[in-house]
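Right, one structure below, let's go through it.
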Amino acid sequence: MKNSIVKLIGIVTLSAGLMTSCSSDDNNKPSSSFVVNANDFKGTITDGEVVLDAGTTYKLTGKIQVNSGATLTIPAGTVIQGVGGTSAYIAIAQGGKINVNGTAAKPVIMTSGLATKAPGDWGGLVICGKAPINRTTGGTGTAQSEVADLTYGGTVANDNSGVIRFLRIEYAGAAFNTEKEFNALSFFGVGSGTVVENVQAFHGSDDGFEFFGGTVNTSNLVAIGNEDDQFDWTEGWSGTNTNWYGKLAFGKGNRGIEADNFELGYANTPIANPTITNMTLIGPGSAADATVYTENQGIKFRRGTKGQVSNVVLSGWKTGIDVENDETIAFVPTALKVTNVLYIADVPTKTKGKKTDGTAADVAAISVESATATGAGSGVAQPTWAAGWTVGF
């Protein structure tokens, strides 16, 4: 990391679509020494602020990493095309920031740069913060991210990794092997000072959004057609969230939500305990091919997670809410509950429980039904807040 800051004196230059001048919201902030090649977009940003040009398409051929003290700012309408498989991704290290300044009319789009687009064409967006994780109980430890190999975790609950508004991530999730691949957007120990609003994960080869600990809050998330879970959390994540919409599509997929505390320590603290208000999850249908949709469950709570979820619409799942492991079942129906739930057609098993020893458990109390639930806003239909900047409905 460079400790010195390069100062601009006189005329500001433009190079390959990069505007290295001060950002519009901070005229005193110096530019970065990083030089962008829009046709070979890769490298490590170590200082200042890099501001991209909305009129330029950037070919992401390798890793873009934003280190501590540096900022990557992406204006509305910018398109970044990944063309490098697992080598092409954007990673924000601890102390670095990303500002995605999209709008409903002009979202920022991160997508495949290949002629025939498919899930897994490029990596995805990885953000690493300093908020608590529970890989070691107590929430003060750190770890290395499973992709990008960056440190995450710590004790700064309100850590700030930037602002993300109106972003669409398409065809991400490149795989290193059968056990390790990118999600569309991975939050590793991201703090509550980070703003995440109006983001879509579309047709990725792994999860849409995954939270590895941290305290980040979100609103208006859309996950459609991702080939594993649409939403996933683990490692003690606790955040406040509104308006989530998830839908399986494209002939492959897993659960709407996969929720864990921590797979190697079900009681590790801090215990995962997010709040989600207004959510729609649409499955492939209860009779969908089990070899294609291997875990046909709207929500899977397991491995000791807590959670407070309300105003939920579930449609087209073999099982609506599945609860597994003794530690998780013990939280039902106080620290773990789903209230105001509307099961719309084709959810033959509303709730299902299984103890750690494999025997069945009655977890019906987790679900409180309501005929007036609206989910993400419009039942199974596209929410009004998602109009204009999303695809795939």
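Quick notes on this structure:
- Looking only at segment 102-118, and only at residues there that are part of a loop (DSSP other than H, G, I, E, B) and closer than 15 Å to Ser87 by Cα, the one that is most open to solvent (accessible area, probe 1.4 Å): Leu114
To keep it simple, each residue is scored yes or no on (1) in a loop (DSSP other than H, G, I, E, B); (2) among the hydroxyl-bearing types (Ser, Thr, Tyr); (3) assigned by the TED database to the domain that holds Gly316.
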position: Thr339; (1), (2), (3): no, yes, yes
position: Leu342; (1), (2), (3): no, no, yes
position: Ala365; (1), (2), (3): no, no, yes
position: Gly375; (1), (2), (3): yes, no, yes
position: Val391; (1), (2), (3): yes, no, no
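- Selected residue (criterion: most open to solvent (accessible area, probe 1.4 Å)) from residues of segment 39-61 that are in a loop (DSSP other than H, G, I, E, B) and within 17 Å of Gly82 (Cβ to Cβ): Asn39
- Number of positions in segment 172-209 that are surrounded by fewer than 24 Cβ atoms within 10 Å (Cβ to Cβ), assigned to a loop (DSSP other than H, G, I, E, B) and among the acidic types (Asp, Glu): 1
- Restricting attention to segment 318-337 and to residues that are assigned to a loop (DSSP other than H, G, I, E, B) and touching a Ser or Thr at 6+ places or on another chain (Cβ under 7 Å), the residue that is least open to solvent (accessible area, probe 1.4 Å) turns out to be Asn325.
- Residue in segment 174-186 that is under 23 Å from Pro75 (Cβ atoms) and more than 11 Å from the chain's Cα centre (by Cα) present: no
- Evaluating Ala345 against the criteria (1) open to solvent by 60 Å² or more (accessible area, probe 1.4 Å); (2) modelled with pLDDT of 95 or more leaves one unmet condition, (2).
- Some residue of segment 288-304 being in the same structural domain as Asn340 (by the TED database) and closer than 15 Å to Thr137 by Cα: yes
- Within segment 75-107, the residues that satisfy the criterion of being free of Cβ contacts under 8 Å to residues at least 60 places away in the same chain, farther than 19 Å from Ser205 by Cα and aliphatic (A, V, I, L, M) are Val79, Ala93.
- Count of residues meeting criterion [open to solvent by less than 60 Å² (accessible area, probe 1.4 Å) and assigned to a loop (DSSP other than H, G, I, E, B)] in segment 348-363: 2
The values are calculated or read from the model by the stated rules, or taken from the named source; none is laboratory data. Everything numeric here is computed off the predicted structure, so don't read it as measured data. Positions of Cβ are generated from backbone atoms using ideal geometry, with glycine treated the same way; all protein chains shown enter the neighbour counts. Ligands, DNA and RNA are excluded from the accessible area calculation, which covers all protein heavy atoms including side chains. Shrake-Rupley method; radii C 1.70, N 1.55, O 1.52, S 1.80 Å.
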